[in-house]
Structure formats: structure tokens, C-alpha cells
1. Give A:Glu273, A:Glu278 a once-over and let me know the one that is in contact with an Asp or Glu (Cβ under 7 Å, 6 or more places away or on another chain) and surrounded by fewer than 19 Cβ atoms within 10 Å (Cβ to Cβ).
2. Counting only residues that are farther than 23 Å from B:Gly77 by Cβ and touching a strand residue (DSSP E or B) at 6+ places or on another chain (Cβ under 8 Å), which one in the stretch B:1-22 is modelled with the lowest pLDDT?
3. Determine whether the stretch A:218-238 contains at least one residue that is within 30 Å of A:Ala158 (Cβ to Cβ), over 13 Å from the mean Cα position of the chain (by Cα) and within 14 Å of chain B (Cβ to nearest Cβ).
4. Please state which of the following conditions B:Leu283 fails to meet, knowing it meets all the rest: (1) over 19 Å from B:Ile5 (Cα atoms); (2) crowded, with 21+ Cβ neighbours inside 10 Å; (3) among the aliphatic types (A, V, I, L, M); (4) more than 12 Å from chain A (Cβ to nearest Cβ).
5. Any residue that is open to solvent by less than 60 Å² (accessible area, probe 1.4 Å) and under 30 Å from A:Tyr207 (Cβ atoms) - is there at least one of those in the stretch B:130-142?
6. Can you name the number of the only condition in (1) in a loop (DSSP other than H, G, I, E, B); (2) open to solvent by less than 60 Å² (accessible area, probe 1.4 Å); (3) more than 21 Å from B:Met243 (Cα to Cα); (4) of a type outside the set (Val, Ile, Thr) that B:Ala188 fails?
7. Specify the residue that is farthest from A:Ile217 (Cα to Cα); the eligible residues are those in the stretch B:213-224 that are open to solvent by 20 Å² or more (accessible area, probe 1.4 Å) and in contact with a Ser or Thr (Cβ under 7 Å, 6 or more places away or on another chain).
8. From A:Thr176, A:Thr162, A:Thr147, grab the single residue that is in contact with a Cys (Cβ under 8 Å, 6 or more places away or on another chain) and in contact (Cβ under 8 Å) with a residue 12 or more places away in the chain.
Protein chains: 2
Amino acid sequence: MSASILVVGSVAFDSVKTPFGEADEILGGSATYFSVSASYFAPVRVVAVVGNDFDENQMAVFRKHGIDVEGLNRVAGKTFRWKGEYGYDLNEARTLDTKLNVFETFNPVIPEAHRSSEYVFLGNIDPELQLKVLQQIKRPRVVACDTMNFWIQGKVDAVKRTIAHVDILIINDAETRMLAGEPNLVRAANKVLAMGPKTLIVKRGEYGVLMFQGQSIFGAPAFPLEDVFDPTGAGDTFAGGFMGALAHAGEISERIFRRGIIFGSVMASFNVEKFSLERLTNLTRTEIDTRFRQFKQLTHFEEF
Amino acid sequence: MSASILVVGSVAFDSVKTPFGEADEILGGSATYFSVSASYFAPVRVVAVVGNDFDENQMAVFRKHGIDVEGLNRVAGKTFRWKGEYGYDLNEARTLDTKLNVFETFNPVIPEAHRSSEYVFLGNIDPELQLKVLQQIKRPRVVACDTMNFWIQGKVDAVKRTIAHVDILIINDAETRMLAGEPNLVRAANKVLAMGPKTLIVKRGEYGVLMFQGQSIFGAPAFPLEDVFDPTGAGDTFAGGFMGALAHAGEISERIFRRGIIFGSVMASFNVEKFSLERLTNLTRTEIDTRFRQFKQLTHFEEF
């Protein structure tokens, strides 16, 4: 039995437009993408807030994947809404509208039964709330954390206080440069590692991932896809696959982290093939393992 | 003894400004970067045109690397000048000035002794001239070719006529999308392969390289560097290391192509560490092999 993963983040209704189509009010949010992705590898517990417009249809997605929803707090009001658009360069979303709704006063309370979770992922929420979550957890084995430019610009001290307490920071390349105040990515990564995390994972969208640990660097391309429909949630899906693979292996080592990067990349590659969670909620373990092996084919070369 | 490589392209004086410094009138050009890079692996013959301002100092660089300069045609006039600038995003150069000078009337004539070269690289010159070069060559084993947005926009029919006759096309991702008229890179690559080349190598600057051959894809990240001073010539240096490794191996196979991609990436990673050819002209085979092994460390992950 794999160790459990606790994720704290957002659950949202997204309205997304891409050059290939659009979808309105579909289930999204960092905690949702993370949970479903991680659920293929290990038991998941989600802590988030939703409004009373969040009904059985949405709940069914979490139930289907055996995700523990004790910490999914339902309060009066409307669920968080995000509306965004992508151009042909699918690497960057343009936010058209954000309505925080019940998320505005989100104050995560970790259910007693979840406080001893061994693996913890702090989704992209206010860094002060991320720290509050950590204060409620008892001796976790691995804590990973996401953040974004909005917090780095507006609350950089809180971001630094939080990441001083996490093992793994998972952010994109622009955020890495911004947090370090340094244009060269390798130097920026080293500066971020000096802020506390033992591992920095830098997401680069269609260009893949770099992982920095001490002096060691691991690089993996993204899986090349003919059909990329909707990149929403790719980063959280990646984090879910990565943390899931770690919890499943139950071992903390560079070897397992590297394999986790590939499982995360596999999950993200499935996620972007269809809108919302459509692909992610309908995967088999065989499909996941097959794509992992395709990744090996993609990157393998012989010594000389 | 490795088979010889023939390269046809430009020799230039570059003036380059980056956020880290600047250099005036330094030796550059596609044929120069390619030749020096390839010379670490196999004998190289260069065909290009220079003016009478090209003196012993420049010639010494070619001599140092044992490059055959019989086809380096010296004519009355000035050598090609290029002036460019890079911002902190070192992926893209801004051209400030181009003076074609003697390059404007370049009509490559391949010396008789070079017409049976087994490996041929057509640097980024007018696609009609590239085709004229091919017509002078006797049964080459491998022909690779570069081109750029300027030719794809202005002479797309000539580009297509030329690449129908080459084995390997080496261009960047924007050029691939432009040539195919397709935003998705995998679909674009398949369209380009349908134009003739059996292999398409897509350069993505700091994000590495993708190689497409039939249904097979190989992906490699760029080597992460703390010091990137001057990306000028990185693409040609990559092509030189790639073709050099092919000629050295003397075998045409996916296995050797993949290894060639890594050797090309190794050479490009050295090149960008200093201005102009400063690093590239002062390498040892041990340094090259050590970085190749570091690439293996960078990308290796275990099956599960």
C-alpha cells in the first residue's frame, strides 16, 4: 500500500478557449488536476473549498478516482471561476477573467486524519496559507510546493518563508528567473536552491522539465504530441504524476525523482490531448506505462 | 581514417553585442563554425568566398584545425560583414546590419578533388546555390542542409526543390512551422519529411533538439550552462559536431544519428561559452568526451 498524498489547492470551474475549440464551466483547479493525476499511483486526500454550485456531477469525478474528499469544504457562495484563452503558442494562457468567489476567504483546515500524510503538495495558493497548512502537518516525509509570478511579485517575503520549509519547489522557468532575479536559468536555479528547497523542478511547457538537486541536473523533453488541445492544468497534472510516483515507490532518491519526472511528464502529455480532465479521467495503467516506455525510446542514446 | 566532409557556406566578420560584452570584426560565418566544429571528428573541406581583407590571422584558424582551404576563394573586395545583438533572451539575434560584400556574387565552385566528398553540408545560403553545389557532387553518402526564414519567405519553391535532394534538413522550430504552414511541431515535422528529407533535425536553442525520422522521434535537452556569452554560430557548430560524428562513425543508422545529435549539442554548448570561436578553437578531445558523458548523466533515467 502506497503512502497517502495530501494536496491543498484550488477547485474551480474553468472556461477555456484555444485555437481548437472552447469549453465553458468545466471542472478545473490545481487541486483537481493534481488529485486525479496522482490517484493513478497512490491514495490522495484533497483539501480545497467549493461553493454550493458544486454538485454531484463534479463530486463524481473525485469519487471515481478514490480521492478522499473529507477536506473538500463546501460553503455558501459560488465556486472559483477562471476564464482564459490560448493562442497557437500554447505555452502561455491569457487570463480573461478571474472570480475568486468562495476561494477568496479560503482558510485551509487539514482534517485530523490527514495531518500525518507523508507526502504533501501545496498547490498554487497564497504563500501565507501554504505556510499555515505546513504548520498543521505532522512530520511529513516530502513536501512539494508550487507558486506563481503573482505571489513572487506581490508577496516575495512570504514565498521565501514558505519555500524555506519545503523539500521540492515546482515552478516554471520565468518564475525561477523572477524569484532569483537572474536571467541565466542555471544560476537562477542555484540561487533558488540556496533559499531552502533541496530540489527545484523547472517546468518549461512544450520544452520539458529540468530538475536541479545540489550539483546534479536532470533534463527531460516534453512528449512530442500531434494533438495539443488544452494545456490547462498541465503543470498540476505533472506535479500529481511526479508526487504519485514518489509515494508509490516509497523511496527518496535521485533515481526515484528522475523516474517521477518522467511519470509526471507522461501524465501531463495525456492531459493536454483533450479539454479539461476528459483524457485524465479515462486512463489505464497500461496506457501510462506504455507512454513511459515511449519516453525511454524518445530520449535514449548510446555511449560511444 | 574518417571520410571527408565538404561544407559550403559563409565566412564572415561578425560584430556581436550581448548583455555580457561585445566584440568587433571577429571571425564568423556558417562555414567557419561548421568547419572548426567538425574538424574535431573528421577531415573537413571548406568552400566559401572571402575578400582581400581576409588575411593570415584568419587563415591560421582554418590551418590550425587542418581544414582544407583549396575551395576558400579569395576575390577582390571586402568579406561579408554581419552585425547583431542579443538581449537576455539569448535565443534570438537582432540583426543590426548586413553587408554581403563579396558574398553577394558567391557562386560556389567545388574543386575537382572535393567532388567525391562522402559527407556534404550545405550551409545557409541561397537555395538555388545549394542546388548548384549538389549538381557538382558525385554520389555523396549523406547530404545535410540548413536554411532560414528569409529563404522560406522569399524563395520557398527553390527551398523545396533543394530539400527534395537532401537526406537531412537541420533548421529551427520556427522555420519548421513556417515551411510546413502548421503550428503544431510534430505535424509540421511530418509535412517537412514528406517534402523529401529522410531526417529532420529541429534546433530549439536553449531547449535542445528534436530529430524526426519516419515515425521515430529523438529528443535531447541542451546542456544547461551557467555561462552563456555568445550564441552566434551555435546552430552551425551543432551541425558540424553532428556531421563530424557521422563521418567518424562511417555508419548510417538511427543509433549513430542519435549519438551525433549529442556530439553536436556538446560542441554547441562549448561554443556559446565564449565570444566567437574562442572556445571552439581551443578544445581537447578529452573535454568533448567528458561533456558527452555528462550529457548521459543529464538525461538518464531508469525503467520501472
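1. Step by step, each of A:Glu273, A:Glu278 is checked, and only A:Glu273 is in contact with an Asp or Glu (Cβ under 7 Å, 6 or more places away or on another chain) and surrounded by fewer than 19 Cβ atoms within 10 Å (Cβ to Cβ).
2. B:Pro19
3. We begin by selecting, within the stretch A:218-238, every residue within 30 Å of A:Ala158 (Cβ to Cβ); these are A:218, A:231-238.
Still in the list and also over 13 Å from the mean Cα position of the chain (by Cα): A:218.
Subset that is within 14 Å of chain B (Cβ to nearest Cβ): A:218.
Yes: one or more hits.
4. With respect to (1) over 19 Å from B:Ile5 (Cα atoms); (2) crowded, with 21+ Cβ neighbours inside 10 Å; (3) among the aliphatic types (A, V, I, L, M); (4) more than 12 Å from chain A (Cβ to nearest Cβ), B:Leu283 is out only on (2).
5. Within the stretch B:130-142, one or more residues are open to solvent by less than 60 Å² (accessible area, probe 1.4 Å) and under 30 Å from A:Tyr207 (Cβ atoms).
6. Going through (1) in a loop (DSSP other than H, G, I, E, B); (2) open to solvent by less than 60 Å² (accessible area, probe 1.4 Å); (3) more than 21 Å from B:Met243 (Cα to Cα); (4) of a type outside the set (Val, Ile, Thr) one by one, B:Ala188 breaks only (1).
7. B:Gln213
8. Numbers: A:Thr176 fails: in contact with a Cys (Cβ under 8 Å, 6 or more places away or on another chain); A:Thr147 fails: in contact with a Cys (Cβ under 8 Å, 6 or more places away or on another chain).
Result of the check over A:Thr176, A:Thr162, A:Thr147: A:Thr162.
The values are calculated or read from the model by the stated rules, or taken from the named source; none is laboratory data. In this text the structure is predicted, and so the values were computed from the model without any measurement. Heads up, the Cβs are rebuilt from the backbone with ideal geometry, glycines too, and the neighbour counts pull from every protein chain shown. Only protein heavy atoms, including side chains, enter the accessible area calculation; ligands, DNA and RNA are left aside. Shrake-Rupley method; radii C 1.70, N 1.55, O 1.52, S 1.80 Å.
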